[in-house]
Amino acid sequence: MVAGLLGAGSLLGTGTLLADQTDARLDGLFEVLLQTKNGNTIRATENEIWKLWLQHPNTDVVQLMTLGTERMNFQRYDDALLILSQVIDRFPEFAEAWNKRATLYYIVGNYDASLADIERTLLLEPRHFGALSGMGLVYLQRRELTKARQAFEDLIRIHPNSPNAQENLKLIVESQRLQII
């Protein structure tokens with residue numbers, strides 16, 4: 001099925017109704033994240049940002065991303081890797097494909113590959129709070145607390161009221177403080 005979608009030629013067409021990390025609406029949404037402390041508004045804004053990041057002008061890509069995510073969720077990691085890698089091969093400027101594959105690599109414990117894909121995600125979308133969070137988590141797994149701290153601090157500059165980032169940063173700062181004592 002994956003080979004059929006990718007080989008069908010329909011992936012070469014483009015549309016204008018859907019966007020991705022280049023959507024101009026993201027600027028306003030990130031501004032909301034900078035200004036609000038309301039939990040409901042934060043969650044709704046995050047959801048809108050994720051929706052835009054997951055969109056792509058080509059509907060087949062969106063279907064493949066959904067399929068790859070489903071495979072990952074059902075622990076069919078080889079299938080998910082194949083699907084996400086094929087999307088990246090065809091559309092290397094699609095940040096969310098890199099981010100999803102980074103997540104997959106994190107899940108299977110391939111932290112070097114995860115970091116490489118996170119870096120590519122951030123090159124394409126420097127405000128990608130999911131990628132920054134993932135980077136922090138990779139560095140936590142590798143016990144590189146200074147790098148983890150930097151990732152979460154970078155995340156907080158973009159999304160100052162992210163509960164997960166705040167909590168992770170607090171744990172890292174406390175761990176570093178205890179190491180000094």
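The values are calculated or read from the model by the stated rules, or taken from the named source; none is laboratory data. Keep in mind the model is a prediction, meaning the values are calculated, not measured. With ideal geometry, Cβ positions are generated from the backbone for all residues, glycine too; neighbour counts draw on all protein chains shown.
Taking TYR105, is it farther than 26 Å from PHE30 by Cα and touching an Asp or Glu at 6+ places or on another chain (Cβ under 8 Å)? Show your work before the answer.
Numbers: farther than 26 Å from PHE30 by Cα: yes; touching an Asp or Glu at 6+ places or on another chain (Cβ under 8 Å): yes.
The answer is yes for TYR105.
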Legend entry - Checking THR22 against (1) crowded, with 16+ Cβ neighbours inside 10 Å; (2) in a loop (DSSP other than H, G, I, E, B), the condition it does not meet: (1)
Inset, instruction - Scan (1) touching a residue at least 40 places away in the same chain (Cβ under 8 Å); (2) part of a loop (DSSP other than H, G, I, E, B); (3) of a type in the set (Gly, Ala, Ser) for the single condition GLY130 breaks and write down its number. - result: (2)
Inset, instruction - Please identify the pairs in which a residue from region 161-181 that is more than 22 Å from GLU46 (Cα to Cα) has its Cβ atom under 8 Å from the Cβ atom of a residue that is modelled with pLDDT of 90 or more and of a type in the set (D, E, K, R), counting only partners at least 6 apart or on another chain. - result: ILE172/ARG149; VAL173/ARG149; GLN176/ARG149
Inset, instruction - Answer yes or no: is there a residue in region 14-29 that is of a type outside the set (Asp, Glu), out of contact with any helix residue (DSSP H, G or I) (no Cβ under 7 Å at 6 or more places or on another chain), at negative phi and at pLDDT 95 or above. - result: yes
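Just a yes or no: is a residue in region 84-92 part of a helix (DSSP H, G or I), among the aromatic types (Phe, Trp, Tyr) and out of contact with any Cys (no Cβ under 7 Å at 6 or more places or on another chain)? Step through it out loud before you land on a result.
Our first condition is that a residue be part of a helix (DSSP H, G or I); within region 84-92, this holds for 84-90.
Going one step further and asking which of them are among the aromatic types (Phe, Trp, Tyr), we end up with none.
Checked region 84-92: no residue is part of a helix (DSSP H, G or I), among the aromatic types (Phe, Trp, Tyr) and out of contact with any Cys (no Cβ under 7 Å at 6 or more places or on another chain).
For region 26-37, indicate whether the set of residues that are free of Cβ contacts under 8 Å to residues at least 40 places away in the same chain, out of contact with any Asp or Glu (no Cβ under 6 Å at 6 or more places or on another chain), outside any helix (DSSP H, G or I) and surrounded by 15 or more Cβ atoms within 10 Å (Cβ to Cβ) is non-empty. Spell out the reasoning first.
First pass over region 26-37, keeping only residues free of Cβ contacts under 8 Å to residues at least 40 places away in the same chain: 27-29, 31-32, 35.
Now narrow it down to the ones that are out of contact with any Asp or Glu (no Cβ under 6 Å at 6 or more places or on another chain): 27-28, 31-32, 35.
Of the ones still in play, those that are also outside any helix (DSSP H, G or I) are none.
The answer is no; no qualifying residue exists.
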Legend entry - Considering residues of region 88-144 that are basic (Lys, Arg) and crowded, with 16+ Cβ neighbours inside 10 Å only, the residue nearest to the chain's Cα centre (by Cα): LYS100
Legend entry - Subset of region 100-121 [under 20 Å from VAL61 (Cα atoms) and either in contact with a strand residue (DSSP E or B) (Cβ under 7 Å, 6 or more places away or on another chain) or aliphatic (A, V, I, L, M) (or both)]: ALA102, LEU104, ILE118
Inset, instruction - Could you list, in sequence order, all residues of region 38-67 that are free of Cβ contacts under 8 Å to residues at least 12 places away in the same chain and either β-branched (Val, Ile, Thr) or within 20 Å of LEU104 (Cα to Cα) (or both)? - result: THR41, LYS51, THR66
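Return a yes/no flag: does region 68-82 have any residue that is of a type in the set (Phe, Trp, Tyr), outside any loop (DSSP other than H, G, I, E, B), without any contact (Cβ under 8 Å) to a residue 24 or more places away in the chain and farther than 20 Å from PHE30 by Cα.
First, the residues of region 68-82 that are of a type in the set (Phe, Trp, Tyr): 74, 77.
Now drop any that are not outside any loop (DSSP other than H, G, I, E, B), which leaves 77.
Of the ones still in play, those that are also without any contact (Cβ under 8 Å) to a residue 24 or more places away in the chain are none.
So far as region 68-82 goes, no, none of its residues is of a type in the set (Phe, Trp, Tyr), outside any loop (DSSP other than H, G, I, E, B), without any contact (Cβ under 8 Å) to a residue 24 or more places away in the chain and farther than 20 Å from PHE30 by Cα.
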